[in-house]
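First, the structure itself, so that you have it in front of you.
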């Protein structure tokens with residue numbers, strides 16, 4: 001049995017390094033990466049980065065817990081959403097309270113742990129910025 | 001360059017940047033195609049889609065981008081018990097969540113219709129349309145499904 005989510009909150013970069021040392025396949029780091037996180041992820045040699053914030057930022061989903069692990073509404077602790085898929089109270093409040101979160105179907109996922117540092121709301125702009133920030137970081141490394 | 005990595009080469013993208021493929025109708029063709037066209041790997045979460053809907057989304061993605069994109073499925077894709085949700089369980093949850101729906105002025109969702117989507121049916125479509133990337137979460141597909149992925153990739 002895997003450990004319950006609340007007992008397995010190891011940070012992305014610690015976890016990625018542990019996995020990288022034990023597998024031969026490329027590792028994809030995901031969750032809370034954002035622009036500045038790309039060089040960090042590259043330094044632990046993951047090979048790729050999954051930017052959930054790109055999705056949540058573009059859709060404008062934010063939650064009361066932005067900047068923290070997703071909690072009961074995230075896939076991480078999906079086990080806490082039991083038997084009948086209904087929105088958790090936070091999601092309903094958020095949808096009603098004019099928050100930008102999108103209440104869809106009968107399940108709403110919180111994402112966007114990196115949203116506090118997210119500056120872009122359009123995917124094109126975000127992609128360009130991610131690449132530029134990583135480029136700038138490596139250029140600085142060479143000049144140092 | 002920093003972006004010339006094993007996985008970028010494997011997936012055929014310029015940058016090793018993947019857009020998270022949210023399921024539950026949160027994905028859009030426009031977002032996925034935009035990311036792919038910008039050199040990343042756009043993703044579309046398909047776990048709530050019927051097989052025919054997955055084929056339709058894939059056709060739209062193919063029209064919107066000629067770059068690699070990712071279709072995502074949940075292997076274990078529902079918490080609904082095998083024989084469906086009992087009326088008693090539904091009423092229990094309804095009672096619990098009623099105040100929130102009342103406050104929000106929202107109609108309470110109907111009891112979920114069973115059966116939920118079957119991963120086995122969904123993945124068959126993914127195999128047929130062969131996106132550059134098929135990703136999965138909440139479990140590992142059967143060995144024969146993974147072998148079929150490799151076989152079809154070799155024969156592309």
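Only the coordinates and a few stated rules stand behind these numbers; no lab work does. For clarity, every value in this text was computed on a predicted model and none was experimentally measured. Methodologically, a virtual Cβ is constructed for each residue, glycine included, from the backbone with ideal geometry; neighbour enumeration extends over all protein chains shown.
Select from B:65, B:28, B:86 the residue whose mean-square fluctuation is largest in a Gaussian network model of chain B (Cα-Cα springs shorter than 10 Å).
The residue with the greatest mean-square fluctuation here is B:86.
Roughly speaking, what is the stretch gain from residue B:110 to residue B:146, that is 0.36 nm per residue apart minus the C-alpha to C-alpha distance, in nm to one decimal?
9.4 nm
Now, a different point. Can you tell me how much longer the chain between residue B:102 and residue B:127 gets when fully stretched, taken as 0.36 nm per residue apart minus their C-alpha distance, in nm with one decimal?
Net length gain for the segment: 4.6 nm.
At a Förster distance of 41 Å, what's the computed FRET efficiency of residue B:89 paired with residue A:140, Cβ-Cβ distance as r, to 0.05?
0.10
Cα convex hull of the stretch B:2-113: how many Å³ per residue?
Enclosed volume per residue, from the Cα hull, is 154 Å³.
Here's a follow-up. Using a Gaussian network for chain B with springs between C-alpha atoms less than 10 Å apart, which of these wobbles most: B:43, B:105, B:24?
B:105
Also, quick follow-up: Just tell me how shielded B:5-18 is by partners: mean number of partner chain Cβ atoms within 10 Å of each residue's Cβ, no decimals.
5
How big is the gap, in Å, between the Cα center of the stretch B:30-47 and the Cα center of the stretch B:75-105?
Using only Cα atoms, the two centres lie 32 Å from each other.
Using only Cα atoms, what is the ratio of the radius of gyration of the stretch B:56-156 to 2.2 N^0.38 Å?
1.48
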